[in-house]
Structure formats: C-alpha cells, structure tokens
1. Would you confirm, using the coordinates I've provided, whether Gly108 is within 20 Å of Asp157 (Cβ to Cβ), without any contact (Cβ under 8 Å) to a residue 40 or more places away in the chain and small (Gly, Ala, Ser)?
2. Go through the stretch 104-126 and count every residue that is over 17 Å from Glu149 (Cβ atoms) and surrounded by 13 or more Cβ atoms within 10 Å (Cβ to Cβ).
3. Going by the conditions given, is Asp123 closer than 27 Å to Ala138 by Cβ and under 13 Å from the mean Cα position of the chain (by Cα)?
4. May I ask you to list pairs of residues, at least six apart or on different chains, whose Cβ atoms are under 9 Å apart, with the first in the stretch 40-67 being under 12 Å from Gln101 (Cβ atoms) and the second being among the basic types (Lys, Arg) and assigned to a strand (DSSP E or B)?
5. Any residue in the stretch 34-57 that is among the β-branched types (Val, Ile, Thr), at pLDDT below 95 and part of a loop (DSSP other than H, G, I, E, B)?
6. Can you confirm whether Leu80 is surrounded by 20 or more Cβ atoms within 10 Å (Cβ to Cβ), out of contact with any Ser or Thr (no Cβ under 6 Å at 6 or more places or on another chain) and in contact (Cβ under 8 Å) with a residue 24 or more places away in the chain?
Amino acid sequence: MTSETISADPDIATDETEPLSSRFNRQLLTFKCSGRGFAVDIMDVREIRSWSRPTPLPHAPPHMLGMVNLRGSVLPVTDLAQRLGQAPTEDRQRNVIIVIQKKDRVHGLLVDAVSDIVTPSPDQLQDVPPIVGGNAPALADFLFVIDEEMIQVLSMDSILPEEGGGVRDMNE
C-alpha cells in the first residue's frame, strides 16, 4: 500500500516514492451523518456550533438549507446527508453544524453529532474503490475502520460548492 496515491488534495503530498506514513499524518474529526461514520481533516474545521435553523434561500438545491448568522457573517449551511444522497437530517437538539474553512471558502455542514478526534495510522487507511460507470468525483478520499465501523474521510473539495457557492472569510 505504500506506493498508492492517497488523495488528489494538494495539501497532501502524493509522491508515490515517499512512504505513506510521511504522506498522511493528520488528525481527523469523526462524526455521524445518517447513522454512518465520516471524518474530515481537523485543519479544515473552523468550529463546531450548535444547531440553529437556517433562513432558506429561494431556488437553492434541496441540500442547501439556507444561511445562518455567524458572528456578523453569513454562513451557508448544507445538509450533508442530502448532499450525500440520503434522506434529509431529522431536526434534533443534538445536531451540530461543522463550520469548514477550505482556503477562503467558509461553509457549514449539518450532521447528526460529532464523535471524536482520531489520528489513523497509514496502515489503517484504504483507498476508496472506484465506482463502476461513475463519472462524478469521489466524495471520499480514504476509508478506515475504528471499532468495527467503516469511516469515510470526506473530500471537502468535492463536498463543498464551487468557489462562488460559499461565503468568503470576512476576517482576512
């Protein structure tokens, strides 16, 4: 497995001659969405905030729930379950919004609950199998198992809307 490319993310080196252990040494925030386990790079997480109902936007896609006020800035919020093709997330007190900052894009992802911060070892990481006949970009970069549960490491470049679809960080 040490000769496989693990990600198209430019923040992660993909020199196949370099050992996997030096190409991936990241902490991941794990969470639940539609009863399944997912993770994102902790360096992409700006904050975790409690659930508050967004103001809907007309003509937005179904997974785009709307906007919330984040200390004076407008934050777009996506229902991650719907973005992944699942049923809409049920409105529960335990739901949280993970605020993701990827370069100058800031976006909220509605999830069921945050689980833990983990640092998987390189030998735990597995490539996502290619989807037969699928032309869409993979929404996950890797897979790994924790306590008999498969965790998908999501690709924020694939999950988040294009550059114009998020809010610019007003603090820069």
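1. On the way: within 20 Å of Asp157 (Cβ to Cβ): yes; without any contact (Cβ under 8 Å) to a residue 40 or more places away in the chain: no; small (Gly, Ala, Ser): yes.
Spelling it out, it is not the case that Gly108 is within 20 Å of Asp157 (Cβ to Cβ), without any contact (Cβ under 8 Å) to a residue 40 or more places away in the chain and small (Gly, Ala, Ser).
2. So the first thing to find is which residues in the stretch 104-126 are over 17 Å from Glu149 (Cβ atoms), and the list is 104-110, 122-123.
From what is left, the residues that are surrounded by 13 or more Cβ atoms within 10 Å (Cβ to Cβ) are 105-110, 122.
Count: 7.
3. no
4. Asp44/Lys102
5. No, the conditions are met nowhere in the stretch 34-57.
6. Yes; evaluated as a whole, the condition is true for this residue.
The values are calculated or read from the model by the stated rules, or taken from the named source; none is laboratory data. All values reported here derive from a predicted model rather than from experimental measurement. With ideal geometry, Cβ positions are generated from the backbone for all residues, glycine too; neighbour counts draw on all protein chains shown.
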